[in-house]
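The values are calculated or read from the model by the stated rules, or taken from the named source; none is laboratory data. Just so it is clear, the model here is predicted, and its values are computed rather than measured. Backbone-built Cβ (ideal geometry, glycine too); neighbour counts: all protein chains shown.
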Amino acid sequence: MGAKCARYFTDAERLGGLAAKIRLASWARITSTEAAAGPDSPEIIERLTQALERVKLEFSSQPQLSDRPMAGSLAPPAAPGLTNVVTKLRAQIGSMLDLMSQRSLGLGDPRETARRVDEAAATALNVARVSTWLLDETLLRIICLDLFDGVSRTHQSGIEIYATGNEPYFEALATERTILANDARTDPRTNSFAESYLVPLGIGAMLDVPIWVRGRMVGVVCHEHIGGPRQWDRDDERYAYLMSSLISLSIERQKSPLSSDSGD
């Protein structure tokens, strides 16, 4: 899905790097993540074609990345593993800039912002599922605003999780900055989900980041790794927290921050 659309972003990046890619996203009114996830519809292809022509005009006088001299070409080889770290950080920064180029389209709508954040985070953090949940007024349940499944490339909402039976998880949300559950099935904060949720879906690790609005925790963004345990690092945490801040900003722009409908 979205193979043709995704190539437009590849071409733009080849022309002018990340700046050209962000220009394309802004002018076409679609992020690279959305382009890759959605269908190659004629309407989107037309928008991307016109936007890429503008990118070509702006960056045509600049040498393409493959023709530019490599900065630091005389530097010693990178340490083992450093290349992977740099690649990951570039992907995270790129997805954040990609979203910010589209902030006027979704930032005033928490549901739309959540959809975009969930899709971007799934790609940047290489996880199968990312979801955004809001606390209800009783603080005794969380309601799914959006859940993105990176395998099926689908969204759903309206799922409810109650504090009853999951007290350690709700207590952790209220008191901790993030929940880094490297082994979600044994972590005391998340193991209550093991039998009904984690094991059936094959989830081995969770990274959950609270959504804070005006000093109050109003929800959580949940990143779920399918497979065995996973060692989350501080870069993963920082990225997740930055992305949750976009949802916080979107909620703050609403007149009634906690009144978002849970259905589609």
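List, please: which pairs have Cβ atoms under 6 Å, are six or more places apart or on different chains, and start with a residue in segment 39-58 that is surrounded by fewer than 11 Cβ atoms within 10 Å (Cβ to Cβ) and end with one that is in a helix (DSSP H, G or I) and of a type outside the set (Phe, Trp, Tyr)?
Final answer for the pair search is none.
Looking at this structure, is Arg177 at pLDDT 95 or above, touching an Asp or Glu at 6+ places or on another chain (Cβ under 9 Å), under 18 Å from Gly219 (Cβ atoms) and in a loop (DSSP other than H, G, I, E, B)? Lay out the reasoning, then the answer.
On the way: at pLDDT 95 or above: no; touching an Asp or Glu at 6+ places or on another chain (Cβ under 9 Å): yes; under 18 Å from Gly219 (Cβ atoms): yes; in a loop (DSSP other than H, G, I, E, B): yes.
For Arg177, the condition - at pLDDT 95 or above, touching an Asp or Glu at 6+ places or on another chain (Cβ under 9 Å), under 18 Å from Gly219 (Cβ atoms) and in a loop (DSSP other than H, G, I, E, B) - is not met.
Pairs under 6 Å by beta carbon, first residue in contact (Cβ under 8 Å) with a residue 12 or more places away in the chain and assigned by TED's automatic domain parsing to the domain that holds Tyr162 in segment 133-146, partner of a type in the set (Phe, Trp, Tyr) and surrounded by 22 or more Cβ atoms within 10 Å (Cβ to Cβ), six or more apart or different chains?
Note: pairs meeting the criteria are Ile142/Trp133; Cys144/Trp133.
Which ones in segment 197-215 are within 16 Å of Leu134 (Cβ to Cβ) and touching a strand residue (DSSP E or B) at 6+ places or on another chain (Cβ under 9 Å)? Please lay out each step first, then the result.
Restricting attention to segment 197-215, the residues satisfying the condition of being within 16 Å of Leu134 (Cβ to Cβ) are 208-214.
Correct list: Asp208, Val209, Pro210, Ile211, Trp212, Val213.
Can you say whether Thr190 is in the same structural domain as Cys144 (by TED's automatic domain parsing), without any contact (Cβ under 8 Å) to a residue 60 or more places away in the chain and in contact with a helix residue (DSSP H, G or I) (Cβ under 8 Å, 6 or more places away or on another chain), as far as the supplied structure shows?
On the way: in the same structural domain as Cys144 (by TED's automatic domain parsing): yes; without any contact (Cβ under 8 Å) to a residue 60 or more places away in the chain: yes; in contact with a helix residue (DSSP H, G or I) (Cβ under 8 Å, 6 or more places away or on another chain): yes.
Yes: the conditions hold for Thr190.
Would you pick out the residues in segment 186-227 that are more than 21 Å from Phe148 (Cα to Cα), assigned to a loop (DSSP other than H, G, I, E, B) and of a type outside the set (Gly, Ala, Ser)?
Thr186, Asp187, Pro188, Arg189, Arg214, listed by residue number.
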